[in-house]
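Inspection log for the structure reproduced underneath, given as structure tokens.
The values are calculated or read from the model by the stated rules, or taken from the named source; none is laboratory data. This structure is a prediction, so every number in the text was calculated from the model and none was measured. FYI the Cβ positions are ideal-geometry reconstructions off the backbone, even for glycines, and counts take in every protein chain you see. For accessibility, only protein heavy atoms count, side chains too; no ligands or nucleic acids. Shrake-Rupley method; radii C 1.70, N 1.55, O 1.52, S 1.80 Å.
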Amino acid sequence: MTSDFLLDPLALISCPVKVQNAVLYGEGDEVVVDHHGVSEFSQGQWPRQVIQALSDATGQKSGVGKCVDISLFPTSEERIEATTAAMAAGAALIIKAELPPTELLKGTADLLVRGGDNATGATGYHPVLIRDHPVLAHAPHHKGDLRVSFPGDFAHTVSLADYQFRWDRCAPDTMQLAHLWTLLEGCGHEAGADELGIAESSEAASPSLGIIIGNDDLEEYPHPLLVWVDLNDHQIRTFTSSLMASWRRRSPLNRFAHEAKFRVRVAATARAHALATVAEETPPLAVAPVRIPECKTCHWWSRCEPQLTDDLSVKIERAPLDAREITVLRSLGVRTVADLAATDLEALLPDYLPRVTHREGAEARLRLAAHRSRLLAEGVHLERLTTGPIDLPSADIEIDLDIESSAQDRVYLWGFLVHDRRPGGGQPMYHPVSRFDRLTHQGEIALANSAGTFLRDLLTGLGWSPKESNRRVRTQSRGGTGKAILNSARATGVPDATAKPTSPDQALGSDRTHLPDMTTTATSPDQIPSVLIWHYSSYELSAISRLASSQDRDASGLAWLHTVARPLFVDLYPLVKANFFGVEGLGLKKVATSGAGFSWRDPDPSGLNSQLWFADALQAKTEEERARAKERILEYNEDDVRATRALRHWLRSLT
């Protein structure tokens, strides 16, 4: 090999700065550009199931001539040698095939399946990728040319009606197949004549076919499905900035070649930069960092972050500008929040807009980013859009609700903060209804039923009646946003406010261990308390609706929550959105912190982190670690409901 760096399939579909950093900071003589943190071959349950099914269908799990598992070999050299031997011997299925590298490329295919011999007479193979996401889209009456095969019969295909291949979603997958196909060509084992009659492209003398196996589960077909992809088919929507900027359709092999050529140039420039001995002769690097979603898991972030101090891509987190937009602004002298805040947009737009036609709304996005930049420059994180008091519904008993769900979207915790605001009602008290376990769908319904039963019994004990209570719901002042909130709630059954004001909000409390006295009784409509259940965003109601749709006859508490209690729910988020603009968005953490001055006890509170804590609560090695994770979640959930109450208390104080 003449190159001192190699590109794997993931390097060509991920950030090119990774290539540059690998050349600049990689160790050793050979720099392997890898997508660190993401394995080329997923070791999850789904890939294992697919391989097991294909191995069983092939008829033999090991042995040349049938199925060969290359992952059993410990070193890269041995795996490449074993892959080469298996291809030469004509194995029907090769698992985790590490292909011989070329001057610039390396790669491992999830699978190789035997195809037709190529023009040289060598055994030919098709690369296969296994993906834990759908690759097919239902398209009724579609008469396309989608072809699939089934386990154990790779050479036989059927046309799949009413479905389409998800080209836009799966474009990166097809580019990786193109990469692997190029490696097969390099070692002379690409499949030859298209005996299956799949490829319709006339671009190549011989077809270039790969296979993607997604997690699609179609009842009318065996599982898993092997979906054939013509790598010369012009289906990938691609923006080109040359000549007249526009969108074009390119083939996976076209896109692969373009991205490979670009990354080779990036790597060569980085190598020249690193080897330069005279500062004046050091060539500029080909690419500069821009923060994108990929950065969250990139091990090179520690190298890139110091270069992005006050950069727009870092500072504008909500409705961010994309990498192309950031790059164009930099070329026009606008790099930081301070730069954009001071920029005359009317003078900038004529030069900017023609270069960012890759998606609609460029001017609106830039103006929004400029507005956020000006607020950041002034130190403002939450901007008031209205004036005067904010009308807010109010009730004798106010309950704040927040639910927590696992990474599998199973609700395992219902957190209630109950505040009886009547004289003598006491401090707000927190009550969690939880189950720290691997919940099934039925277990999730059972827990939701327990939460509904708890709330029903609580309100009954406090003297609430669904027929009389919310005639007494009120707003702080007449009309305005509060009235609109009630009108919105009335669509689900909340009556309008008509009663006289009740007692003012009491001081924020912190009692978590006791519930209100549930022995209160009411003998007349005037004594029946009004009730509101506050939540922030629509997630809680959506979860209730989803769980109630199971129609479990034993879940009377859940049914009550979905029907009788439904009119009591009020979403605070629409009211906040109508009155405020958040530089960092209007999430509860941002608004309650910037507006109400609330602070969470946990140093890093977030819904995503709570899912990690839940995993620790179930799987941590020691009982102490599991208990600590459970307590951390309960404190986080309690702070969420107290933050909702604190935010409401602050909104009522505005004049």
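Looking at (1) modelled with pLDDT of 90 or more; (2) assigned to a helix (DSSP H, G or I); (3) out of contact with any strand residue (DSSP E or B) (no Cβ under 8 Å at 6 or more places or on another chain); (4) open to solvent by 20 Å² or more (accessible area, probe 1.4 Å), find the lone condition where Ala484 falls short.
Just one mismatch for Ala484, condition (1).
Taking the residues in the range 401-422 that are of a type in the set (Gly, Ala, Ser) and outside any strand (DSSP E or B) as candidates, determine which candidate is most open to solvent (accessible area, probe 1.4 Å).
Start the filter on the range 401-422 by keeping residues that are of a type in the set (Gly, Ala, Ser), which leaves 405-407, 415.
The next check asks that each one be outside any strand (DSSP E or B); those that pass are 406-407.
Details: Ser406: 6, Ala407: 74 Å².
The extreme case among them is Ala407.
Pick from Ile326, Ile316: which is touching a helix residue (DSSP H, G or I) at 6+ places or on another chain (Cβ under 6 Å) and more than 30 Å from Ala596 (Cβ to Cβ)?
Selected residue: Ile326, the only one of Ile326, Ile316 that is touching a helix residue (DSSP H, G or I) at 6+ places or on another chain (Cβ under 6 Å) and more than 30 Å from Ala596 (Cβ to Cβ).
Tell me, which residue of the range 352-389 that is acidic (Asp, Glu) and at pLDDT 95 or above is most open to solvent (accessible area, probe 1.4 Å)?
Glu363
Can you tell me how many residues within the range 581-617 are part of a helix (DSSP H, G or I) and among the basic types (Lys, Arg)?
2
Report the residue count in the range 265-277 for those that are part of a helix (DSSP H, G or I) and open to solvent by less than 40 Å² (accessible area, probe 1.4 Å).
4
From (1) open to solvent by 20 Å² or more (accessible area, probe 1.4 Å); (2) modelled with pLDDT under 70; (3) not hydroxyl-bearing (Ser, Thr, Tyr), pick out the condition that doesn't hold for Phe41.
(1)
Under 6 Å between Cβ atoms, at least 6 apart or on separate chains: pull out the pairs that start in the range 565-580 with a residue that is at pLDDT 95 or above and end on any residue that is assigned to a loop (DSSP other than H, G, I, E, B) and open to solvent by less than 10 Å² (accessible area, probe 1.4 Å).
Within 6 Å, the pairs are Asn579/Ile390.
Can you list residue pairs whose Cβ atoms sit under 9 Å apart, with the first residue in the range 223-250 being at pLDDT 90 or above and the second being polar (S, T, N, Q) and loosely packed, with under 13 Cβ neighbours inside 10 Å? Count only pairs 6 or more apart in sequence or on different chains.
Cβ pairs passing all conditions: Asn232/Ser202.
Are any residues in the range 535-590 open to solvent by less than 30 Å² (accessible area, probe 1.4 Å), in contact with a strand residue (DSSP E or B) (Cβ under 6 Å, 6 or more places away or on another chain) and not aliphatic (A, V, I, L, M), and if so, which ones?
Of everything in the range 535-590, those that are open to solvent by less than 30 Å² (accessible area, probe 1.4 Å), in contact with a strand residue (DSSP E or B) (Cβ under 6 Å, 6 or more places away or on another chain) and not aliphatic (A, V, I, L, M) turn out to be His535, Glu540, Phe569, Phe580, Gly582.
If a residue has to be open to solvent by 60 Å² or more (accessible area, probe 1.4 Å) and in a loop (DSSP other than H, G, I, E, B) to count, how many in the range 438-453 make the cut?
Qualifying residue count for the region: 2.
Between a residue in the range 280-303 that is within 12 Å of Val314 (Cα to Cα) and any residue that is among the hydrophobic types (A, V, I, L, M, F, W, C) and outside any helix (DSSP H, G or I), which pairs come within a Cβ distance under 7 Å, given they are 6 or more apart or on different chains?
These pairs meet every condition: Ile292/Cys15.
Search the range 458-476 for residues being open to solvent by 40 Å² or more (accessible area, probe 1.4 Å) and either in contact with a helix residue (DSSP H, G or I) (Cβ under 9 Å, 6 or more places away or on another chain) or among the aromatic types (Phe, Trp, Tyr) (or both), and hand back the single one that is modelled with the lowest pLDDT.
Applying the filter and picking the extreme gives Gln476.
Given the criteria without any contact (Cβ under 8 Å) to a residue 40 or more places away in the chain and either hydroxyl-bearing (Ser, Thr, Tyr) or open to solvent by less than 50 Å² (accessible area, probe 1.4 Å) (or both), does Thr622 qualify? Outline the logic, then answer.
Values: without any contact (Cβ under 8 Å) to a residue 40 or more places away in the chain: yes; either hydroxyl-bearing (Ser, Thr, Tyr) or open to solvent by less than 50 Å² (accessible area, probe 1.4 Å) (or both): yes.
Yes.
Across the range 618-645, which residue is nearest to Gly388 (Cα to Cα) among those that are of a type in the set (S, T, N, Q) and not in a loop (DSSP other than H, G, I, E, B)?
Checking each candidate, the answer is Thr644.
Looking at the range 306-323, which of its residues are at negative phi, within 22 Å of the chain's Cα centre (by Cα) and without any contact (Cβ under 8 Å) to a residue 60 or more places away in the chain?
Ser313, Val314, Ile316, Pro320, Leu321, Asp322, Ala323
Taking Thr327, is it polar (S, T, N, Q), closer than 23 Å to Lys18 by Cβ and either modelled with pLDDT of 95 or more or surrounded by 15 or more Cβ atoms within 10 Å (Cβ to Cβ) (or both)?
Working: polar (S, T, N, Q): yes; closer than 23 Å to Lys18 by Cβ: yes; either modelled with pLDDT of 95 or more or surrounded by 15 or more Cβ atoms within 10 Å (Cβ to Cβ) (or both): yes.
Spelling it out, Thr327 is indeed polar (S, T, N, Q), closer than 23 Å to Lys18 by Cβ and either modelled with pLDDT of 95 or more or surrounded by 15 or more Cβ atoms within 10 Å (Cβ to Cβ) (or both).
Filter the range 371-410 down to the residues that are closer than 30 Å to Pro320 by Cβ and among the hydrophobic types (A, V, I, L, M, F, W, C) and list them by number.
Leu375, Leu376, Ala377, Val380, Leu382, Leu385, Ile390, Ile403, Ala407
Give the range 332-358 a look and list any residue that's in contact (Cβ under 8 Å) with a residue 24 or more places away in the chain, closer than 18 Å to Thr240 by Cα and assigned to a helix (DSSP H, G or I), or say none.
Residues satisfying the conditions are Tyr352, Pro354, Arg355.
When you check Arg648 against the structure, is it assigned to a helix (DSSP H, G or I) and not hydrophobic (A, V, I, L, M, F, W, C), yes or no?
Numbers: assigned to a helix (DSSP H, G or I): yes; not hydrophobic (A, V, I, L, M, F, W, C): yes.
So Arg648 passes the test.
Residues being closer than 30 Å to Pro567 by Cα and free of Cβ contacts under 8 Å to residues at least 60 places away in the same chain: count how many of those fall in the range 359-401. Don't jump to the end; show me each part of the working.
Initially, the range 359-401 is screened for residues closer than 30 Å to Pro567 by Cα, giving 384-401.
This time we only want the ones that are free of Cβ contacts under 8 Å to residues at least 60 places away in the same chain, so: 387.
Going through the range 359-401 one residue at a time, the tally reaches 1.
From the set of residues in the range 387-400 that are acidic (Asp, Glu) and assigned to a loop (DSSP other than H, G, I, E, B), which is farthest from Phe569 (Cα to Cα)? Show your work before the answer.
First, the residues of the range 387-400 that are acidic (Asp, Glu): 391, 396, 398, 400.
When the remaining residues are screened for being assigned to a loop (DSSP other than H, G, I, E, B), the result is 391, 396.
Numbers: Asp391: 17, Asp396: 14 Å.
Only one residue tops the list, namely Asp391.
For the subset of the range 594-619 comprising residues that are of a type in the set (S, T, N, Q), touching a residue at least 40 places away in the same chain (Cβ under 8 Å) and open to solvent by 30 Å² or more (accessible area, probe 1.4 Å), which member is farthest from Ile633 (Cα to Cα)?
Looking at the filtered set, the residue picked out is Ser594.
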